[in-house]
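S.K.: To start, I am sharing the structure in question, which I have written as structure tokens.
The values are calculated or read from the model by the stated rules, or taken from the named source; none is laboratory data. Keep in mind the model is a prediction, meaning the values are calculated, not measured. Please note: Cβ atoms are built from the backbone with ideal geometry, for glycine as well, and neighbour counts cover all protein chains shown.
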């Protein structure tokens, strides 16, 4: 009788053990030379189904007719596109990000970004964000072709019909200790970010937040640790955590990029490894230049009330992109389908700077009067400054709408000159502050010039900390002093 019970127990346990394996036929593709171990093994049952790509809302119009900036007020991005083509892209974005699905009419369609009673107002943060996301998409399509090739990306690539992309990341809250381990460096907490491995559960903050991505190194060319390459086990585990994310996010195994004979050697790797190299840098720079600076724009909680995080992570930083944001389980987002033909405004020809200048800076208006130009400059500048972080001369993305509006007015009012003044707080020595303030003024001068403002209309000068707006010495006061001011006068 005991033998019978043991046999029954064995029969019931075996299927449970096999349930953890991937049973059924596999598809194997050789991606490298025979014998190099560069093969892809795929279980068709586990390939993530892709959301069907929505059809073009209507035929893409040509670029003839009046410009969008002539038809509408407060068009700070794509104002040089035709009104009809601009309208088409807005309809596409509605369909990609906030489709009409019977939800609250104030949260979908045009109303997702606009006040229906005043379409020109910027009172909804989503409108400010949408402008910046258009610029981000253009930047990726123009300047990261080593990764996105000619296929490129659109808002749909990440959003797939969701107001907030399904795949995103933010700085993780400190994990509670498990068992006797009081300090576990974020490990042993099952997380999809590291494919549920015991590796650190937040590999993104180290590598996908800024230029720190350049430090992804594990294997040395030396047999022993040396002065030019010392990588701790702790750092190596973070790197492997990121690699686990890459594998799961793209639905591939390690040999999609690497040769098992030498994971380190580039000359033995597949071409996909170089594409991934550019992609990691694209993601890190995009987060640093476009997503992180929007922290002051995104609300921390839902506008409808409550205290649960909504547009920011648990530590208060903005949600950012990683590999899964676009790929969503396949090695080529949307299985390689391009939406370029239907959405030309998201693919600036000749690079972002040249095309942005062509799109944003209008031609000089011979009928522009001094009174109308003064009024337009006052409207663009009144109560506004360009702000910077401590010690930095990089323009915050939140200042782009202000600067782009200046481009619009300056292009039309070619008989006016803008004096760009850089200022700092009083922290640090005077010489360093003067140098920093000049760098800030030069950054704004360059931004305006690259978008079509004539050099004869611009001058840039730094004043250091000699002209503070706030002398309180408080953090808030210092922030006000880290600024750019623009003085306008007729030539």
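Matching residues to (1) at pLDDT below 90; (2) closer than 24 Å to residue 79 by Cβ; (3) surrounded by fewer than 14 Cβ atoms within 10 Å (Cβ to Cβ); (4) not assigned by TED's automatic domain parsing to the domain that holds residue 135:
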{"residue": "412", "(1), (2), (3), (4)": "yes, yes, no, yes"}
{"residue": "424", "(1), (2), (3), (4)": "yes, no, no, yes"}
{"residue": "444", "(1), (2), (3), (4)": "yes, yes, no, yes"}
{"residue": "448", "(1), (2), (3), (4)": "yes, yes, no, yes"}
{"residue": "454", "(1), (2), (3), (4)": "yes, yes, no, yes"}
{"residue": "476", "(1), (2), (3), (4)": "yes, no, yes, yes"}
{"residue": "486", "(1), (2), (3), (4)": "yes, yes, no, yes"}
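Here's the yes/no breakdown for (1) more than 26 Å from residue 33 (Cβ to Cβ); (2) at pLDDT 85 or above; (3) in the same structural domain as residue 147 (by TED's automatic domain parsing); (4) surrounded by fewer than 20 Cβ atoms within 10 Å (Cβ to Cβ):
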residue: 204; (1), (2), (3), (4): yes, yes, no, no
residue: 212; (1), (2), (3), (4): yes, no, no, yes
residue: 223; (1), (2), (3), (4): yes, no, no, yes
residue: 238; (1), (2), (3), (4): yes, no, no, no
residue: 260; (1), (2), (3), (4): no, no, no, yes
residue: 284; (1), (2), (3), (4): yes, yes, no, no
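S.K.: Can you tell me which residue in the range 22-53 is surrounded by the most Cβ atoms within 10 Å (Cβ to Cβ), limited to those that are outside any loop (DSSP other than H, G, I, E, B) and at pLDDT 75 or above? Explain how you work it out, then say what you get.
M.R.: Step one: of the range 22-53, the residues outside any loop (DSSP other than H, G, I, E, B) are 27-30, 39-42, 44-46.
Subsequent filtering for residues that are at pLDDT 75 or above retains 27-30, 39-42.
On the way: 27: 10, 28: 9, 29: 10, 30: 13, 39: 15, 40: 19, 41: 12, 42: 16.
So the residue we want is 40.
To keep it simple, each residue is scored yes or no on (1) more than 26 Å from residue 67 (Cβ to Cβ); (2) surrounded by 24 or more Cβ atoms within 10 Å (Cβ to Cβ).
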{"site": "407", "(1), (2)": "no, yes"}
{"site": "416", "(1), (2)": "no, no"}
{"site": "429", "(1), (2)": "yes, no"}
{"site": "440", "(1), (2)": "yes, yes"}
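S.K.: Could you tell me whether the range 150-173 includes any residue that is at pLDDT below 90 and not in a loop (DSSP other than H, G, I, E, B)?
M.R.: Checking the range 150-173: not a single residue is at pLDDT below 90 and not in a loop (DSSP other than H, G, I, E, B).
S.K.: Against the definition (in contact with a strand residue (DSSP E or B) (Cβ under 9 Å, 6 or more places away or on another chain) and surrounded by fewer than 17 Cβ atoms within 10 Å (Cβ to Cβ)), how does residue 481 come out, yes or no?
M.R.: Numbers: in contact with a strand residue (DSSP E or B) (Cβ under 9 Å, 6 or more places away or on another chain): yes; surrounded by fewer than 17 Cβ atoms within 10 Å (Cβ to Cβ): no.
Answer is no for this residue.
S.K.: While we're on this one: In this structure, is residue 275 modelled with pLDDT of 65 or more and either assigned to a loop (DSSP other than H, G, I, E, B) or out of contact with any helix residue (DSSP H, G or I) (no Cβ under 7 Å at 6 or more places or on another chain) (or both)?
M.R.: Working: modelled with pLDDT of 65 or more: yes; either assigned to a loop (DSSP other than H, G, I, E, B) or out of contact with any helix residue (DSSP H, G or I) (no Cβ under 7 Å at 6 or more places or on another chain) (or both): no.
Judged against the criteria, residue 275 is not a match.
S.K.: Out of (1) free of Cβ contacts under 8 Å to residues at least 60 places away in the same chain; (2) closer than 10 Å to residue 484 by Cβ, the odd one out for residue 439 is which?
M.R.: With (1) free of Cβ contacts under 8 Å to residues at least 60 places away in the same chain; (2) closer than 10 Å to residue 484 by Cβ applied to residue 439, the lone miss is (2).
S.K.: Now for a separate question. May I ask you to verify whether residue 288 is at pLDDT 90 or above, under 15 Å from the mean Cα position of the chain (by Cα) and within 30 Å of residue 244 (Cβ to Cβ)? Before you say what the answer is, go through the steps one by one.
M.R.: Values: at pLDDT 90 or above: no; under 15 Å from the mean Cα position of the chain (by Cα): yes; within 30 Å of residue 244 (Cβ to Cβ): yes.
Here the answer is no, as residue 288 does not meet what is asked.
S.K.: Which pairs have Cβ atoms under 7 Å, sit 6 or more apart or on different chains, and link a residue in the range 448-476 that is closer than 19 Å to residue 391 by Cβ to one that is in a loop (DSSP other than H, G, I, E, B)?
M.R.: Close Cβ pairs (under 7 Å, with a partner that is in a loop (DSSP other than H, G, I, E, B)) amount to 464/424; 465/424; 465/425; 465/426; 468/426.
S.K.: When only residues in the range 341-364 that are assigned to a loop (DSSP other than H, G, I, E, B) and at pLDDT 80 or above count, which is nearest to the chain's Cα centre (by Cα)?
M.R.: Step one: list which residues in the range 341-364 are assigned to a loop (DSSP other than H, G, I, E, B), which gives 341-343, 347-351, 361-364.
Filter again for at pLDDT 80 or above, leaving 341-343, 347.
Numbers: 341: 23, 342: 22, 343: 19, 347: 16 Å.
Here the residue is 347.
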